[in-house]
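Each remark here refers to the structure printed beneath this line.
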Amino acid sequence: MGLRWVKEKVRRSMGIATVKRITVQLLTLGALLSAVQPSYAIPAFARKYNLRCSDCHEAWPKLNNFGQTFKDQGYQLMTGRDAPIYQQTSYFPIMFRSIPFWHRESDNRVATDLVPGNPGSGQVESRVTTSGFDISGLDIWTAGTLYKNISFAVQPALDSSGKAHLLTYYVRFDNLLGSRWLNLKVGKFELDTLISEERELFLTNTGGFYQNYHFTPPGDRTSFGLGDHQLGAELLGHSINDYTRYSISVLNSNDGQVGATASTYDVYGHFDQGFELPKMGLQRIGVYGYVGQRPTFFQTSGGAPIAGTGMGNRSFSRTGLYGLWYLGKFDFTTFYLHGQDNVFLGNGVRADQPFNLPPGAAGPTWNGGFVEAHYTYNPQLILLSKFETVQMSRQANPATRKNLGDVRVWTVGYRWYPIMSSRAGLAWHQEYARAVTVGTAPLTGRDDVTSSFLMGFDFDF
Amino acid sequence: MMNGSRIALVLLMSCGIPSFSQESAIGNLTGHAKSGKALYRRYCITCHGAHGDGAGENAPHLDPKPRDFTRSTFKCRSTPSGTLPTDSDLYDTISRGVYNSGMPPWRPLTRQDRADLVAYIKTFSPRFHEEPPGTPLLIPPEPPASPESVQRGAELFQNMNCWSCHGKEGRGNGPSALTLTDSKGYPIVPFDLTSGMHFKCGDSSRGAFRDLITGLDGTPMPSFTDALKPEQVWDLVHFIESLQSAGTREASQAKAEPNVK
């Protein structure tokens, strides 16, 4: 989805207390997240293998286990015809996705000039509501096999203003030593998870992303998002039916920022296990953990930071577990995250200037999670709902209100797929989302309530 | 004289509407056609068609063509040629896929899902209501592969005219290769025996033995269960395996899928 959306999402998810902090953090994160939120549903594969969207997706873009297996096998079905030499010479693995839509956005705590056009007239908090037609930008995906057991993905995308971003770019060596347990990916990619933000079914500014994946406490300078594409190498393995999976990644400590090397590396690990329950089908549980470092200051040249020279690195972590639960036509996703940042990161203070820490400063910690429920009436109609929350358990500055930045989001919607073939897909999407961010009203410090409504056509080909 | 339920069944079949009375039994699993229908419509319909006749929207683009379930003719069986496969045979085919075709392995589906699919697939042909599956043919233990066994297999390959389809060197380019069609009249290519041990119905020696004694119904590949003794079939299997080492093993290994058993 569009860049503007992403920025708004980041802004709302951070729960910051001051406008200055918002600005500083957004300048940093905006650069790192200058990305169109991509969404994966790849008719290029459907065309290659003559499969329909519903073969690989519970409801595209969300994968089912067959689709996940296909992905984990390096975009191969293992039918003996996976290498590109078996395709017609005219075949090219590319797909496009875009969403024209109408939406309404509302925020009840926007600092507005008392007299429009006169910034000197003072400011009040007002509800601002906007609506109109819009477009999501354009996702472009090309991915597949270069050779048997060598796969790739390249994903340039255009935001709604037409600016291009390179979101995914990797080559992957599959089934090393003839083993499904050894697959090596190098490049820029989404962290391995079965709750992929890229494949989320929600689209609105408010509900169309996972707050937990991007949350940063008030005043924190840690530039990181679990949902952000990272630069590095990933080793992944899986069982034949994908019921057992693991991955370990070594990643640049710069949140996937291209063209700016980092002085340290982060590590991400993930493990999940599927199991069958009688009459309920495949269930799955998973654990994950990300441990990284971020600089608190840089070497400078003329006062300007030199990229890749981060100093005074301090650590942070994101750990948690999740479950995918299926009960007939219902399925539930449960997710838990515990976040923890170093005290210097949490207070935005250089590590070589501890005297600047506020009295009683501590590393911020928080807990978050969500429950997402789907009802798949049939492969062409799915009802959606989600409740997500993030709650601070310890602020970096003890003088800060204890629940500042806490977030609660409710989202409901549905998707109807009138066209679902092995060549293209079209979905009609309607969604409403409402978010409450505690204490972030810019003038009064009251709770900020935003809401989004969206309806549009989501299509890919 | 037909009883009421039989008449109803015939009426249902004549209307092209599958009956949901069918079940499958795979080990301790019982598959149900009603559940299988939803799965079929999600995963199978685009190739095999809504009526199971192999005329899905993708069928024109596929080679080989999707299986026509209404004919109840299946390549991969443990049962004699001309008989119905067991439920486990169908289950194994769904799980394993059919190598070098558009049919992928469906192991990522749960075992119950696959059992349900078997039950639903059986509803497309009245034969599954009217007759039991064939009795699985026994596969005797494999004797050690020896040069003598390979030599005997080579002679059988010549004498049984295997070469006329599969070619003198087993490359699937025999003099009859270009004239072959399947039971629906579509051109069909003999298997290239040098390309690896990924046979349609399994990639083991036992799989090769089974293909030889059951034949691949719906294709020109006949059953040799009456023509050959079991030890002769093993000789033939050993000869086929030897084709992998006759200068082509390296290439075939490079092309072969990793062992997915």
Anisotropy class of segment B:20-130 from Cα gyration tensor, a/c 1.5 cut: rounded
Expressed in angstrom and rounded, the centroid-to-centroid distance over alpha carbons for segment B:112-160 and segment A:258-273 is 50 Å
Stretched fully, the stretch from residue B:180 through residue B:155 gains (0.36 nm per residue minus C-alpha distance, one decimal, in nm) 6.6 nm
Per-residue ellipticity at 222 nm attributable to helices in chain B (runs of n ≥ 4 DSSP H, -39500 (n - 2.57) apiece, nearest 500 deg cm²/dmol) works out to -10500 deg cm²/dmol
Rounding to the nearest 10 and keeping the result within 0 to 90°, find how far the Cα-based axis of helix A:3-14 lies from the longest principal axis of chain A. 60 degrees
Anchor residue A:279: aspartates and glutamates whose Cα lies under 13 Å away (excluding residues fewer than 8 positions away in-chain): B:113, B:116
By the Cα gyration tensor axes a ≥ b ≥ c (a/c under 1.5 gives rounded; else a/b larger than b/c gives prolate, otherwise oblate), the shape of segment A:158-204 is oblate
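Based on other C-beta atoms within 10 Å, arrange A:431, A:372 from fewest to most.
Lowest to highest Cβ neighbour count: A:372, A:431.
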Take every Cα pair under 8 Å in segment A:3-460 that's 6+ residues apart, average their separations, divide by the length, and report that relative contact order as a whole percent. 16 percent
Sequence of A:194, A:454 once ranked by neighbouring C-beta atoms within 10 Å, starting from the fewest: A:194, A:454
Using only helices, what value at 222 nm comes out for chain A when you add -39,500 (n - 2.57) per DSSP H run of length 4 or more and divide by the total residues, to the nearest 500 deg cm²/dmol? -3000 deg cm²/dmol
For chain B, take the longest principal axis of its alpha carbons; what is the angle in degrees between that and the long axis of helix B:205-214, to the nearest 10 within 0 to 90? 70 degrees
Within a 10 angstrom radius of the beta carbon, how do A:62, B:37, B:168 rank from fewest other beta carbons to most? B:168, B:37, A:62
Which one of B:229, B:122, B:75 has the biggest mean-square fluctuation once chain B is modelled by GNM with Cα springs under 10 Å? B:229
Could you work out the relative contact order of chain B, using alpha carbon pairs under 8 angstrom and six or more residues apart, expressed as a whole percent? 19 percent
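Every number here is computed from the coordinates shown, using simple stated rules; none is lab data. All of these numbers come straight from a predicted model, not from anything done at the bench. Using ideal geometry, Cβ is built from the backbone for each residue, glycine included, and neighbour counts are taken over all protein chains shown.
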